[in-house]
1. Among the residues of segment 76-102, how many are assigned to a loop (DSSP other than H, G, I, E, B), within 16 Å of the chain's Cα centre (by Cα) and under 23 Å from residue 216 (Cβ atoms)?
2. I'd like to verify a number: residues in segment 149-205 that are among the basic types (Lys, Arg) and in contact with a Lys or Arg (Cβ under 9 Å, 6 or more places away or on another chain), how many?
3. For the subset of segment 94-105 comprising residues that are more than 12 Å from residue 138 (Cα to Cα) and in contact (Cβ under 8 Å) with a residue 40 or more places away in the chain, which member is surrounded by the fewest Cβ atoms within 10 Å (Cβ to Cβ)?
4. Can you spot a residue in segment 240-252 that is over 25 Å from residue 116 (Cα atoms) and in contact (Cβ under 8 Å) with a residue 12 or more places away in the chain?
5. So, in segment 42-75, of the ones that are closer than 24 Å to residue 143 by Cα and in contact (Cβ under 8 Å) with a residue 24 or more places away in the chain, which residue ends up nearest to the chain's Cα centre (by Cα)?
6. Looking at segment 14-31, can you tell me whether even one residue there is touching a helix residue (DSSP H, G or I) at 6+ places or on another chain (Cβ under 8 Å), assigned to a loop (DSSP other than H, G, I, E, B) and not β-branched (Val, Ile, Thr)?
7. Can you tell me which residue in segment 192-218 is nearest to the chain's Cα centre (by Cα), limited to those that are over 17 Å from residue 45 (Cα atoms) and not in a strand (DSSP E or B)?
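The values are calculated or read from the model by the stated rules, or taken from the named source; none is laboratory data. Remember, it's a predicted structure, so these values are computed and weren't measured experimentally. When we count neighbours, we look across all protein chains shown, and the Cβ atoms used for this are built from the backbone with ideal geometry, even at glycine.
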Amino acid sequence: MKPLLIALGFAVSGLVYGQVLTDGDEIVAQANLAAYYAGKDSRSEARMIIIDARGREQRRQFTVLRRNLEAGGDQQFLVSFSRPSDVRGTVYLVNKHVGRDDDRWLYLPGLDLVKRISAGDERTSFVGAHYFYEDVSGRGPAEDTHELIATTDQHYVLKHVPKNPAQVEFVSYVTWIDRQTFLANRIEYTNTSGKLYRRVEALETREIDGYPTVVSSRTSDLTNGGYTDMRFRYIAYDLGMPAAVFTQRSLRNPPRQWLKRPDAE
């Protein structure tokens, strides 16, 4: 499971509510579906507010398109920036794979350059925010071990430890997963010094097209200060987007039909 998707707020139907689960791997599998695999595809418009440690503000606006190739399996993501002017036309494409590294590309319109994002760069800042490139499409459940450490009336509380610690900047993280929706309400990361340094919180959740969906989230830097807020709107599922939307051709020629707002008809 992975943080940004809390921010992206995808969910899945068909989960068995009310049953108390005891296996950490099973809970994480359900949470992964809830966070990233709602419907066959989805569209949402994100507004990002980045506040640094000195209180200075930056804003970003972009549209996220997502298509599942199989439930719990491979996926495709396209992120197209519309504001402000210095990032307008920037496009990020992800082919998410289960069992191997994802393929990621970033198009920089000012340079007319398509840049390949390597696996080593996945946990670096995404357009200056407190989110990472990896957060867009989610962290694969198989990359960590998962231990259920508590069950409360509202949450499953799990501790996760990376199987390849040299590839990440954290030694562990803890998630609070809502027992009804299987969406993570909070994630806290511990660094190599044993201190909490990063927190991701779901601030607001709504049901959209029958799917519980996070529509507002915050990621905080607990070491240096600052945070990034994300707010999502114009969310829709099961749109029937074709595979052609998620090809490298869309980096320089974004699919306008699928990026425009529903009220722009």
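1. Here the count works out to 0.
2. Filtering segment 149-205 for residues among the basic types (Lys, Arg) gives 159, 163, 179, 186, 195, 198-199.
Filter once more, keeping what is in contact with a Lys or Arg (Cβ under 9 Å, 6 or more places away or on another chain): 186, 199.
Residues meeting the conditions: 2.
3. The extreme case among them is 99.
4. Residues of segment 240-252 that are over 25 Å from residue 116 (Cα atoms), as a first pass: 240.
Cutting the leftovers down to in contact (Cβ under 8 Å) with a residue 12 or more places away in the chain gives us 240.
There is at least one residue in segment 240-252 that is over 25 Å from residue 116 (Cα atoms) and in contact (Cβ under 8 Å) with a residue 12 or more places away in the chain.
5. The first filter runs over segment 42-75 and keeps only residues closer than 24 Å to residue 143 by Cα, leaving 66-75.
Then drop every residue that is not in contact (Cβ under 8 Å) with a residue 24 or more places away in the chain, which leaves 66-68, 71-75.
Working: 66: 11, 67: 14, 68: 14, 71: 16, 72: 15, 73: 15, 74: 15, 75: 13 Å.
Within segment 42-75, the match that is nearest to the chain's Cα centre (by Cα) is 66.
6. Initial filter on segment 14-31 (touching a helix residue (DSSP H, G or I) at 6+ places or on another chain (Cβ under 8 Å)): 15, 21, 25, 28-29.
In the following step, the residues that additionally are assigned to a loop (DSSP other than H, G, I, E, B) were identified as 15, 21.
Going one step further and asking which of them are not β-branched (Val, Ile, Thr), we end up with 15, 21.
For segment 14-31, residues touching a helix residue (DSSP H, G or I) at 6+ places or on another chain (Cβ under 8 Å), assigned to a loop (DSSP other than H, G, I, E, B) and not β-branched (Val, Ile, Thr): present.
7. My answer is 210.
Results for (1) free of Cβ contacts under 8 Å to residues at least 40 places away in the same chain; (2) part of a helix (DSSP H, G or I); (3) over 17 Å from residue 93 (Cα atoms), shown as yes or no for each residue.
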{"residue": "115", "(1), (2), (3)": "yes, no, no"}
{"residue": "123", "(1), (2), (3)": "no, no, no"}
{"residue": "127", "(1), (2), (3)": "no, no, no"}
{"residue": "130", "(1), (2), (3)": "no, no, yes"}
{"residue": "135", "(1), (2), (3)": "no, yes, no"}
{"residue": "139", "(1), (2), (3)": "no, no, no"}
{"residue": "142", "(1), (2), (3)": "no, yes, yes"}
{"residue": "147", "(1), (2), (3)": "no, no, yes"}
{"residue": "157", "(1), (2), (3)": "yes, no, yes"}
